[in-house]
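Just below is one structure, and these are the notes that go with it.
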Amino acid sequence: MDLVTAVFWFFSAWAIGSALLCITRRNAIASAMWLVSAMFALAGLFVLLQAQFIAAIQVIVYAGAVMVLFLFVIMLLNLGETPRGWQRWYFWVGGVGVAVLLATQLVVLRGYSPQRLADEVSEMPSPDPALVFPEGRAELAAGESQGVVGVVARPLFEAYLVPFEITSVLLLVAIIGAVVLAKRRL
Amino acid sequence: MLIGESLAVSAVLFSIGVAGVLVRRNAIVVFMCVELMLNAVNLSFVALSQLHGMSGQIMVFFVMTVAAAEAAVGLAIILAIYRHTQSVDLKSINLLKG
């Protein structure tokens, strides 16, 4: 096992452990702090998967901005220890059952390697994944000349310009909606 | 490239999020579990973007924006509900129950 794989499993264990603690803590503040920890672990995984810019905005936007909003609301409502924070037992059976079923279905994806994906997409027998998926290799190479931000910015402002502008309208709608909902009297 | 491994980790995180949504009664914790599920999906987008090009990372960018908007509106709704019922317990939100 090389170093990258070892570090990958370290961050994975960190993320899964934090996520489990996040859903089992009674105190909402403790849950939120464990979720921040899981998000930091995910940022580490993003760096290992060659997405340095996404890792940076994961820390800044998610762990920084969104979780501060959550903590702010928890503290505003003064939610401390709740006496019974759980659903009844039949929710437990249903919830854990659905989660285990979903996990076993999805963990089958563990078997996916670039070679197997290429086999399924292409009709040739045992093709080279680099030839079947040329975009990934080309854009990783482009990242070395343009920098990791440039590689994300170019398609964002060319091919995805309209969705990008719609996103800004969405944020405006969210701001107005939040103000209208949270204000006592307009 | 660690694609299969990332997809498996993403699956486990998503399932933990689903379990949290179904099991917890605190509305804010349920909301945080939804954020966890969004994060798990982001992980699979990033993993597959190594193979399919930058579109995956741009999708992650949009998912993050939508998650931020959703958090703002959702927490405002929770605040409004708290003013009504003095609680964020999902059991106490039963206005539509016949």
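The values are calculated or read from the model by the stated rules, or taken from the named source; none is laboratory data. Please read all numbers here as calculations on a predicted model, not as lab measurements. As a convention, Cβ positions derive from the backbone with ideal geometry for all residues, glycine included, and neighbour counts pool all protein chains shown.
The one condition from (1) in contact with a Phe, Trp or Tyr (Cβ under 6 Å, 6 or more places away or on another chain); (2) at the interface with chain A (Cβ under 7 Å from one of its Cβ atoms); (3) not charged (D, E, K, R) that B:GLY56 does not meet is (2).
The numbered conditions (1) without any contact (Cβ under 8 Å) to a residue 12 or more places away in the chain; (2) within 24 Å of the chain's Cα centre (by Cα); (3) in a helix (DSSP H, G or I); (4) closer than 26 Å to B:MET54 by Cα are all true for A:ALA174 except (4). Name every residue in the stretch A:1-36 that is within 7 Å of another protein chain (Cβ to nearest Cβ), within 15 Å of the chain's Cα centre (by Cα) and small (Gly, Ala, Ser), in order of residue number. Within the stretch A:1-36, A:SER12, A:ALA15, A:ALA19 meet the criteria. When A:TYR62, A:TYR112, A:TYR90 are checked against the criterion of being modelled with pLDDT of 80 or more and hydroxyl-bearing (Ser, Thr, Tyr), a single residue qualifies: A:TYR62. Here B:SER10 meets each of (1) more than 7 Å from chain A (Cβ to nearest Cβ); (2) touching a strand residue (DSSP E or B) at 6+ places or on another chain (Cβ under 9 Å); (3) buried (at least 22 other Cβ atoms within 10 Å of the Cβ) with one exception, condition (2).
In this structure, B:ASN94 qualifies as more than 7 Å from chain A (Cβ to nearest Cβ), of a type in the set (S, T, N, Q) and over 11 Å from the mean Cα position of the chain (by Cα). Among the residues of the stretch B:19-44, the one identified as facing another protein chain (nearest Cβ under 7 Å), touching a residue at least 40 places away in the same chain (Cβ under 8 Å) and part of a helix (DSSP H, G or I) is B:ILE28. Exactly one residue among B:SER49, B:SER6, B:SER10 is among the polar types (S, T, N, Q), in a helix (DSSP H, G or I) and over 22 Å from A:ALA63 (Cα atoms), and that residue is B:SER49.
Within the stretch B:59-78, can one find any residue that is in contact with a Ser or Thr (Cβ under 6 Å, 6 or more places away or on another chain), facing chain A (nearest Cβ under 7 Å) and either buried (at least 22 other Cβ atoms within 10 Å of the Cβ) or not in a helix (DSSP H, G or I) (or both)? No, because not a single residue in the stretch B:59-78 is in contact with a Ser or Thr (Cβ under 6 Å, 6 or more places away or on another chain), facing chain A (nearest Cβ under 7 Å) and either buried (at least 22 other Cβ atoms within 10 Å of the Cβ) or not in a helix (DSSP H, G or I) (or both).
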